[in-house]
Amino acid sequence: MKIRTMVIAMAAVLAMTLTGCATSRQMEKVEADQKLLDAKVEQALQNAQVAKTAADEAKQKAADATSRAEQAEKAAQEREQLANEKMQRADAAFQKSMRK
């Protein structure tokens, strides 16, 4: 009877021990899943870097376009001022010719 109880107790302990351990197949699956996840993370990091580079390039192009637009506006204002001065001189010359 004692031996029988001892065998049942050992079998119960062995069963509990074995159910708590992962099999090599389960470990391989976990490792494969981990590798797949690592690959996805690496790809996401690469995609983020590409997107950041593209955003930086777009930002630089926008800054360049803004600079060119400001230069064009300044040039247009200068031309407008010159045109106004020429118009005033022409008007003054016309007024002077009309007085004679």
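Here are some notes:
- Residue check, Gln71 under 43 Å from the mean Cα position of the chain (by Cα), assigned to a helix (DSSP H, G or I) and free of Cβ contacts under 8 Å to residues at least 40 places away in the same chain: yes
Quick grid of which residues meet (1) of a type in the set (A, V, I, L, M, F, W, C); (2) at pLDDT below 80; (3) exposed (fewer than 10 other Cβ atoms within 10 Å of the Cβ):
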| residue | (1), (2), (3) |
| --- | --- |
| Ala12 | yes, yes, no |
| Leu37 | yes, no, no |
| Ala54 | yes, no, no |
| Glu57 | no, no, no |
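The values are calculated or read from the model by the stated rules, or taken from the named source; none is laboratory data. This one's a predicted model, so the numbers in the text were calculated from it and none came from an experiment. Counting neighbours? That spans all protein chains shown, and the Cβs are built from the backbone with ideal geometry, glycine included.
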